[in-house]
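Okay, so here's the structure we're looking at.
The values are calculated or read from the model by the stated rules, or taken from the named source; none is laboratory data. Quantities reported herein were computed from a predicted structural model and do not represent experimental measurements. Because the Cβ atoms are built from the backbone with ideal geometry, glycine has one as well, and the counts that use them run over all protein chains shown.
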Amino acid sequence: MSQRDAKIGIVGGAGPYAGLDLAQKLLQQTKAKSDQDYLPTLLISTPELIEDRTIFYWERLQKILHMQFTVI
């Protein structure tokens, strides 16, 4: 693969705006004079493949609280 064929890949889904935020930062840091000067970028966001973090944190919090009350 040549440099000309290379693309930046962003795989998102852990947070709705995380991948978009990274893509925006790439655009802002690119010194482009025209649209064609920007880096070729692919963004895919698949939130349905990532487990819900709120459930993970809630279950973890419950375990921590249970351990603390068991000690008391």
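Residues that are among the aliphatic types (A, V, I, L, M), at pLDDT below 85 and either touching a Ser or Thr at 6+ places or on another chain (Cβ under 9 Å) or not in a loop (DSSP other than H, G, I, E, B) (or both) within the stretch 28-54 comprise just one, Leu49. Residues in the stretch 43-72 that are closer than 27 Å to Ala23 by Cα, surrounded by 10 or more Cβ atoms within 10 Å (Cβ to Cβ) and of a type in the set (D, E, K, R): Arg53 alone. Look at the stretch 20-34: where a residue is within 17 Å of Gly9 (Cα to Cα) and a partner is assigned to a helix (DSSP H, G or I) and of a type in the set (Asp, Glu), sitting 6+ places away or on another chain with Cβ atoms under 8 Å, you get Thr30/Asp37.
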